[in-house]
Amino acid sequence: MNNQFLSSTSFSPPEGAQVESAHLQSAAKLSEEIDTYDGAHRSQFYELGQKLLEESMGPNRPLISSPTTMYELREEYTGAPSFVAQIDSLMDQGYTKIIRTKGDGNCFYRALAYAYLSSLIDSPNLVYSAKSVIESGSRMMEKNFMDADIISTFCEPLMDLVDAVGNPDPKRVLTHDHLLSAFLEDETSNCIVTYLRLLTTAQIQSASDDYAGFLFDDSGESLEPTEFCRQYVDPLGKEADHVQVAALCRALKLHIRIAYLDGHSPDGQAHFQDIIPPDDGKNKPLILIYRPGHYDVLIKTN
């Protein structure tokens, strides 16, 4: 990865981002046309989004939920035709279900981890390369002066799940139901999230020159990579931004496709953005859905 990759990646930054994608910049130019969406004022959509986000953060919300239909999501946006149109466009393309994650600031990491492991269940032939990538990531973390015992502690739950894919013992093989159960356990789920955060930090610090021009605090002031990671990557509950997403994609060699459900589309379509690491764009993409402030997993019917 280099600065050109970061600056040109077509990706709308989530959760308080400083970098805007090309399609959002285009949408801004059309602000007069979308100043009201289907006769409703912007504030109504903002309030709707905030309400749904707050519901996802409720204390009784599970860390991750069983797959639910897109029709259920559609019902939540009754009265917001711009959002309904985007949901309909996704369903027309075969996207039938979502797996919801808790809105606790860790939703990107949790959704990505779940989608990643789910893809291995569907393609167990990729387990060997996945283990190799994770092990390489752990070595990169050690080179960045992270404690080996700490790395092992947080990596173990992830590797246990990867190892369970394709297990010949039907009682031990990782299934989608077993994966969901594992991600509902606080210790397992949050260990995996923590490992991915540490891996993201290691990637940013290992290629600090590549990321240096893209690291800012909330006020827009430039930060050194170490300080940026200390404030915005390592702590649980800190939402992922453009840099973190791109760095984790590179570290895990993952292709991610993100559907944007934001009510901003003049053509009524839910548009997609691809995050592709520079050294590996051949893998089948993992599909996430982004609503302002939140990520879930999006499932397409084969």
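What single numbered condition from (1) free of Cβ contacts under 8 Å to residues at least 40 places away in the same chain; (2) under 30 Å from residue 77 (Cβ atoms); (3) surrounded by fewer than 24 Cβ atoms within 10 Å (Cβ to Cβ) fails to hold for residue 235?
Unmet condition: (2).
Considering only residues of segment 286-302 that are more than 12 Å from the chain's Cα centre (by Cα) and not hydrophobic (A, V, I, L, M, F, W, C), which is farthest from residue 61 (Cα to Cα)? Quick ask: steps written out before the conclusion?
Just the residues of segment 286-302 that are more than 12 Å from the chain's Cα centre (by Cα), to begin with: 292, 299-302.
Adding the requirement that they be not hydrophobic (A, V, I, L, M, F, W, C) leaves 292, 300-302.
Numbers: 292: 18, 300: 24, 301: 26, 302: 29 Å.
Restricting to residues being more than 12 Å from the chain's Cα centre (by Cα) and not hydrophobic (A, V, I, L, M, F, W, C), the top hit is 302.
Among residues belonging to segment 238-265 that are of a type outside the set (A, V, I, L, M) and in a helix (DSSP H, G or I), point out the one that is surrounded by the most Cβ atoms within 10 Å (Cβ to Cβ).
Going residue by residue through segment 238-265, those that are of a type outside the set (A, V, I, L, M) are 238-239, 241-242, 244, 249-250, 253, 255, 257, 260, 262-265.
Add one more test, that the residue is in a helix (DSSP H, G or I), and what stays is 242, 244, 249-250.
Working: 242: 21, 244: 28, 249: 25, 250: 24.
Per the criteria, the residue is 244.
Report whether or not residue 188 is in a helix (DSSP H, G or I), closer than 26 Å to residue 102 by Cα, β-branched (Val, Ile, Thr) and without any contact (Cβ under 8 Å) to a residue 40 or more places away in the chain.
Spelling it out, residue 188 is indeed in a helix (DSSP H, G or I), closer than 26 Å to residue 102 by Cα, β-branched (Val, Ile, Thr) and without any contact (Cβ under 8 Å) to a residue 40 or more places away in the chain.
What is the one condition in (1) among the small types (Gly, Ala, Ser); (2) on the phi < 0 side of the Ramachandran plot; (3) outside any helix (DSSP H, G or I) that residue 220 does not satisfy?
Failed condition: (2).
Just the residues that are small (Gly, Ala, Ser) and more than 30 Å from residue 224 (Cα to Cα), please, taken from segment 240-293. So that I can check it myself, show each step before the final result.
In the first step, residues of segment 240-293 are kept if they are small (Gly, Ala, Ser); the result is 240, 246-247, 251, 259, 263, 265, 268, 270, 281, 293.
Scanning segment 240-293 gives 259, 263, 265, 268, 270.
Would you mind finding the one in 163, 169, 88, 149 that is out of contact with any helix residue (DSSP H, G or I) (no Cβ under 9 Å at 6 or more places or on another chain), surrounded by fewer than 18 Cβ atoms within 10 Å (Cβ to Cβ), of a type outside the set (Gly, Ala, Ser) and part of a helix (DSSP H, G or I)? Even if it seems obvious, please write down each step before you answer.
Working: 163 fails: out of contact with any helix residue (DSSP H, G or I) (no Cβ under 9 Å at 6 or more places or on another chain); 169 fails: part of a helix (DSSP H, G or I); 88 fails: out of contact with any helix residue (DSSP H, G or I) (no Cβ under 9 Å at 6 or more places or on another chain).
Only one candidate passes the filter, namely 149.
Do you know which residues across segment 115-125 are in contact (Cβ under 8 Å) with a residue 24 or more places away in the chain and assigned to a helix (DSSP H, G or I)?
Hits for segment 115-125 are 115, 116, 117, 118, 119, 120, 121, 124.
Could you tell me which of the residues 226, 200, 175 is on the phi < 0 side of the Ramachandran plot, buried (at least 17 other Cβ atoms within 10 Å of the Cβ) and among the hydroxyl-bearing types (Ser, Thr, Tyr)? Give the derivation first.
Values: 226 fails: buried (at least 17 other Cβ atoms within 10 Å of the Cβ); 175 fails: buried (at least 17 other Cβ atoms within 10 Å of the Cβ).
Just a single option satisfies the conditions, and that option is 200.
No value in this document is a laboratory result; all are computed from the given coordinates. Here the structure is a predicted model, which is why all the values come from computation and not from measurement. Note that each Cβ is placed from the backbone with ideal geometry, even for glycine, and that neighbours are counted across all protein chains shown.
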